[in-house]
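Note sheet for the following structure.
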Amino acid sequence: MSATDANKDTANNGKPNKPKNLRALAAKVLFQVVDKGRSLGDELPNAQDKLANPKDKGLLQEICYGVLRYLPQLEYQSRQFINKPLTGKQRVFHFLILVGIYQLRHTRIPDHAAISETVAACDTLKSRHMKGLTNGVLRNVQRDETSEEEPLKDANDAVKYNHPGWLLKTLQAAYPDDWQSIVDANMQRPPMWLRVNQSKISVDDYIKLLNAEEIEVSHRDKHSQAIRLANARDVNTLPGFSDGFVSIQDGAAQHAAVFLQGQENEHILDACAAPGGKTCHILELTNNNSKVTALDVEQHRLNRVADNLQRLKLSADIVCADASDTNAWWDGQQFDRILLDAPCSGTGVIRKHPDIKWLRRSSDIDKLVELQQQILQAVWSTLKPGGTMIYATCSILPQENRQQVEKFVANTDDAEWLQLGAGHGNDWQILPGQDSKDGFYYARLGKKAN
């Protein structure tokens with residue numbers, strides 16, 4: 001149970017606010033994400049800002065992420081005890097009931113606390129008449145021992161695997177031998193990966209700092225500056241974090257700057273750069289002596305690029321523009337190297353962003369493939385002859401990755417597919433959970449000099 005659900009927040013100019021029930025906040029967030037198509041990354045921080053206690057903020061996040069991971073199974077279980085679906089203005093209570101079931105089935109919160117706090121959320125949501133239904137459903141779920149023994153005996157695969165049917169079929173077709181391990185990985189909590197800033201400290205020396213603080217390292221990537229911690233922790237407790245010794249970045253994403261092989265004094269484009277982890281990594285590997293342009297279409301996400309650069313005391317040109325419209329941002333000076341981390345389905349990072357499963361539609365994929373083609377062609381025109389480009393996505397769908405690159409090379413006279421390096425062939429598809437990393441795709445393209 002949240003220790004401060006009943007506490008009063010005094011952040012409103014010293015005046016006590018009404019108590020915040022985090023289950024009510026969770027139900028509202030989930031309604032906005034699932035029914036209204038809003039991003040969890042936008043909705044959750046706004047809700048967390050209404051809570052004063054860090055533990056409450058953490059529990060709100062745990063509940064929202066958990067419900068989105070297990071959404072089909074929670075809905076399946078709720079239907080066993082609700083005769084008529086909740087629609088219209090009652091939809092938020094549909095999600096409140098899922099919040100309650102998630103606590104009962106997947107957390108260590110005592111049943112009595114999970115039920116009482118969830119039912120109390122009806123008061124916060126100004127619908128006392130919904131308390132009876134909410135309480136009744138949760139009491140039935142609590143008592144239903146049969147559902148724990150054979151919870152999904154009549155459910156379809158989408159429910160059993162907690163993935164939308166279209167995505168499940170797509171993964172089964174693309175990865176007939178690996179689809180089950182992929183969906184299993186998507187249900188896991190991501191580990192904590194660090195990127196050591198080699199311009200300030202070596203990986204070996206930083207691991208010594210961690211050891212001195214009794215922080216256990218479970219893995220070190222031999223091809224990058226990536227290390228994985230045995231247990232996640234507050235970044236502010238990491239030695240040297242405020243001094244820029246280290247950043248948070250998944251192990252798969254850290255291969256981007258390594259494969260790019262940027263050199264000092266080169267002119268480098270990081271297209272679709274936000275939130276800036278790869279931009280900073282490029283600068284770290286070139287001792288902040290390369291001229292990097294960080295380009296992205298979303299200004300609010302570019303603010304995070306600026307924040308990351310400032311913390312690490314690095315410098316880059318930040319440009320807000322549509323990468324596919326070179327007239328809007330390109331000054332005519334060609335780039336030596338380009339990193340294109342293209343907009344994609346995000347199907348490789350579902351464990352980190354479980355809302356992707358419910359926000360993405362099958363019909364989105366063709367549109368994304370077309371957008372990737374437009375951006376590829378546009379930024380290719382800004383690459384100097386003899387230059388190289390790394391094409392990357394956090395997708396695991398072949399049409400966004402290998403098929404995309406094959407089509408581009410076949411239709412572009414001055415493009416050639418190069419060896420990626422580090423023992424890989426022309427490209428590398430990392431699957432979710434492989435070496436505990438996110439799903440990611442990489443290919444290297446060269447622009448012929450003649």
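The values are calculated or read from the model by the stated rules, or taken from the named source; none is laboratory data. Remember, predicted model here, so these are calculated numbers, not experimental data. Cβ atoms come from the backbone with ideal geometry, glycine included; neighbour counts cover every protein chain shown. With ligands, DNA and RNA removed, areas are computed over all heavy atoms of the protein, side chains included. Shrake-Rupley method; radii C 1.70, N 1.55, O 1.52, S 1.80 Å.
Computed values, structure above
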quantity	calculated
Alpha-carbon centroid distance for the pair the range 208-224 / the range 105-119, whole angstrom	37 Å
Per-peptide average of other Cβ atoms within 10 Å, ordering 32-39, 214-221, 280-287 highest first	280-287, 32-39, 214-221
Peptide ranges 163-175, 320-332 listed from the most packed, as the mean C-beta count within 10 angstrom indicates	163-175, 320-332
Total formal charge among the other residues, if their Cβ is under 14 angstrom from that of F259, Lys/Arg +1 and Asp/Glu -1	-1
Which label in (1) 75, 49, 41; (2) 98, 57, 35; (3) 82, 56, 36 gives the computed Cα extents along the principal axes in Å	(1)
Estimated FRET transfer efficiency when R0 is 22 angstrom, pair D325-A449 (beta carbons, to 0.05)	0.20
For the range 60-203, accessible area per residue (1.4 Å probe, heavy atoms of protein chains only), Å²	48 Å²
Rounded FRET efficiency, nearest 0.05, which uses the C-beta distance separating N265 from E213 and R0 of 41 Å	0.65
Using alpha-carbon coordinates, inclination of helix 131-143 to the longest axis of the chain, degrees	80 degrees
Cβ-Cβ FRET estimate between R128 and R220, R0 fixed at 41 Å, reported to 0.05	0.15
Using alpha-carbon coordinates, inclination of helix 203-212 to the longest axis of the chain, degrees	30 degrees
Fraction of antiparallel bridges per DSSP, the chain only, in percent to nearest 5	55 percent
Centroid-to-centroid separation of the range 400-440 and the range 36-82 [C-alpha atoms, Å]	35 Å
Under 12 Å, Cβ to Cβ, from A226 - net charge with Lys/Arg +1 and Asp/Glu -1	+1
Cα gyration tensor, the range 267-324 - rounded (a/c under 1.5), prolate or oblate	oblate
Percent carbon-and-sulfur accessible area, the chain, ignoring ligands, DNA and RNA, probe 1.4 Å	44 percent
Relative packing of 62-72, 355-365, 415-425, 290-300, which averages over residues the other C-beta atoms within 10 Å, highest first	62-72, 290-300, 355-365, 415-425
Rounded to whole Hz, the Karplus (6.51, -1.76, 1.60) HN-Hα couplings of the range 432-449, x for glycine and proline	x, x, 5, 6, 6, 9, 5, x, 8, 10, 9, 9, 10, 10, x, 9, 4, 6
Hz values of 3J(HN,Hα) by residue in the range 152-165 - Karplus curve (6.51, -1.76, 1.60), Gly and Pro given as x	10, 4, 9, 7, 7, 5, 4, 6, 4, 9, 6, 9, x, x
Per residue, in Å², the accessible surface of the range 213-258 once ligands and nucleic acids are set aside, probe 1.4 Å	47 Å²
Crossing angle, helix 91-106 versus the chain [Cα axis fit, 0-90 degrees, rounded to tens]	90 degrees
Residue-span extension gain [D413 to Q334] - 0.36 nm each, minus C-alpha spacing	26.6 nm
Neighbour net charge for S345 - beta-carbon separation under 9 angstrom, K R +1, D E -1	-1
Cα shape, the range 199-329, gyration tensor, a/c 1.5 rule	prolate
